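Report on the following structure.
The values are calculated or read from the model by the stated rules, or taken from the named source; none is laboratory data. All figures in this text were calculated on a predicted structure; none of them were measured in a lab. For neighbour counting, all protein chains shown are included, and Cβ atoms are generated from backbone atoms with ideal geometry for every residue, glycine included.
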Amino acid sequence: MIGILIYEDNDDFRGALGQLIQSVPGYVCLGAFTDCGNVINDIGDFRPDVVLMDIEMRESNGIEGLRQIRKANPALPVIMLTVFDDNKNVLDAICAGASGYVVKKDAFRKLFDAICEVLTGGAPLSMNVARLVLEHISGPHLRTGPAIDLTKREKDILGSLIRGNNNKMTAAELNISLETVKTHIKNIYEKLQVHTQAEAVARAIKDRLI
């Protein structure tokens, strides 16, 4: 059973998400809250498999809630809920360690695909988010971080991840096997000292690795 916690201040949307999760076999809504002011206690009490976090809430900021989760549990998948996926908040959440995104208008159609993807180490990112990431990496304002010895193939795969591709899409794009992709990703994670695709994307953003 996959347990989900929801943080969303729109009563109707929060209630609908909870009902949807409860209606699908294998999933359970452990709790649904209007703000993330008690998020550390919540994840300790409920021990969720995935957190759904609204970026902008009236009483609290979802990105700050995400940062708190990352300090307490770096590996817990957190999917951000957002109205628009082409603003600075989305980029800030990637850098804070978001596991992926669901645009609210697509939530009822894409939610479970996104959950499955983050639970297998992927990072559901829309084309708009991928564009933001690429623009940010190519921006002149960023400082270059310490040199990291990535091979050309590792850089190709990291670039594919940044564009929002999952492992299968990356394998098809680069014309290599899925197992080869997984092996390279494991090496990338070790070199970057990260554990998830979202963390690798965030590291690439911060240190301009490609």
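Just a few scattered comments:
- Given (1) out of contact with any Ser or Thr (no Cβ under 6 Å at 6 or more places or on another chain); (2) at negative phi, index of the condition Arg47 fails: (2)
- Residue within the stretch 22-34 that is over 13 Å from Gly65 (Cα atoms), in contact (Cβ under 8 Å) with a residue 40 or more places away in the chain, of a type in the set (Val, Ile, Thr) and surrounded by 14 or more Cβ atoms within 10 Å (Cβ to Cβ) present: no
- Identification of helices (runs of 4 or more DSSP H) wholly contained in the stretch 158-210 with 1 or more residues that are at pLDDT 85 or above, outside the structural domain of Ile115 (by TED's automatic domain parsing) and of a type in the set (D, E, K, R) yields 167-174, 178-192.
- The set of residues in the stretch 32-65 that are over 25 Å from Lys88 (Cβ atoms) and either in contact with a Cys (Cβ under 9 Å, 6 or more places away or on another chain) or not assigned by TED's automatic domain parsing to the domain that holds Asp113 (or both) contains only Asp42.
- When Val90 is tested against (1) buried (at least 23 other Cβ atoms within 10 Å of the Cβ); (2) over 22 Å from Ile162 (Cα atoms); (3) at pLDDT below 90, just one condition goes unmet, and that condition is (2).
- Taken over the stretch 45-87, the criterion of being of a type in the set (D, E, K, R) and either under 17 Å from Leu119 (Cα atoms) or in contact with a Lys or Arg (Cβ under 7 Å, 6 or more places away or on another chain) (or both) is satisfied by Arg47, Asp49, Arg70.
- For the stretch 156-191, a residue qualifies if it is under 17 Å from the mean Cα position of the chain (by Cα) and under 19 Å from Ala75 (Cβ atoms), and the qualifying residues are Leu161, Asn166, Asn167, Ile185, Tyr189.
- Asp106 modelled with pLDDT of 80 or more, assigned by TED's automatic domain parsing to the domain that holds Val51 and acidic (Asp, Glu): yes
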